[in-house]
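The values are calculated or read from the model by the stated rules, or taken from the named source; none is laboratory data. These numbers come from a predicted model, not from an experiment. Glycine gets a Cβ as well: all are built from the backbone with ideal geometry, and neighbour counts include every protein chain shown. Only protein heavy atoms, including side chains, enter the accessible area calculation; ligands, DNA and RNA are left aside. Shrake-Rupley method; radii C 1.70, N 1.55, O 1.52, S 1.80 Å.
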Amino acid sequence: MKHPFWANLSIALLLFCKANSIDSEKVIKTDLFLQLDPVKYLTGNFNPKTHLVQLKETENAKEHYLRLEVQKALNDMIEAYELEKPKGNRQTVFLVSTFRSFSDQKSIWESKYTGKKAMREPIKGKTPQEIIDLILEFSSAPGTSRHHWGTDFDINSLENQYFESKGRGSDLYSWLQKNASRFGFCQPYNELGNRNMLGYHEEKWHWSFAPVAVPLQEAWIRMYKEKQISLSDKFLGGQILGDRVLDFVQSTNKSCVDIAKEFPLQPFSQ
């Protein structure tokens, strides 16, 4: 008869192995920076046509680009949604925005900073700091956007009401909340109250492929603190914004980290 100590140890080891086993189907083989200079990659200074995958979008003529592993996971998630959504629900998932380069983000930022693009309030009579505060409610500074990484995308509508009760996308959003994590996706900008009131306002349309986006986010923060990423002289208002960019890059949904842990990364060389 096996001694109780060894029997208990065997059970403990078995439970430990099960708890720490890696699902081979969830392992993601990838090159984190796609063989690009890390700073250029993290700040969106590269050509998506040579490093990302173009997606065909029937809802609009805009070109969309994502990383290959993100595109595959997104296709799987959309297929699952189509199979699982309530009968009679004709709601589909379509892309509004995917990869944005540094130049793209700079154009968005400066069009708002100069008042060419309308915001929640007009900029007339406001100080540069007040204008920046308005922009940062929903728009990232150039070089800081998650859209630079090919891991993030916006779907269907850039209005939260679309996804809320009685909105056209309410059933879709409900499904995503319950199921997006199965495919590695998280909503990076959830309610501000769950993020210590720091960062961007909630964006129910914005989804991120956590297994790759989380390590990229960590790399961005590290390189910024090490002064490898410097943005203050790269766009209008950059010097005024200063280190506030860290709050906006760091303040994301905590569940993204938990989801990322379920999908271990493995370099192509292994």
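Things worth noting here:
- Report note on the peptides 100-106, 84-90: ranked by the mean count of other C-beta atoms within 10 Å, highest first, their order is 100-106, 84-90.
- Spatially proximal aspartates and glutamates relative to Lys225 (Cα-Cα < 20 Å; intrachain offsets below 8 disregarded): Asp37, Asp233, Asp243, Asp247
- Solvent-accessible area of segment 41-100 (1.4 angstrom probe, protein heavy atoms only): carbon and sulfur portion equals 50 percent.
- Residue pairs exceeding 20 angstrom between C-alpha atoms, taken from Lys87/Lys166; Lys40/Lys106; Lys29/Lys204: Lys29/Lys204.
- Surface share of carbon and sulfur [accessible, 1.4 angstrom probe, percent] for segment 170-270: 48
- Our helix-only sum for the chain, with -39,500 (n - 2.57) per DSSP H run of n ≥ 4 divided by its residues, gives a mean residue ellipticity at 222 nm of -11500 deg cm²/dmol.
- Around the Cα centre of the chain, unit charges on the Cβ atoms of Lys, Arg, Asp and Glu (plus for the first two, minus for the last two) sum to a dipole of about 60 debye.
- Between helix 210-225 and the chain: long-axis angle, C-alpha atoms, 0 to 90°, nearest 10: 60
- Percent RCO, i.e. relative contact order, over the chain, from Cα pairs under 8 Å lying at least 6 residues apart: 23
- Relative contact order of segment 25-176, defined on C-alpha pairs under 8 angstrom at six or more residues apart (%): 28
- Nearest 10 degrees, 0 to 90: helix 4-20 Cα axis against the chain principal axis: 30
- Antiparallel DSSP beta bridges within the chain, percent to nearest 5: 85
- Against the chain, whose longest principal axis comes from its Cα atoms, helix 170-179 is set at around 40 degrees.
- Per residue value of the accessible surface for the chain (all protein chains in place, 1.4 Å probe), Å²: 55
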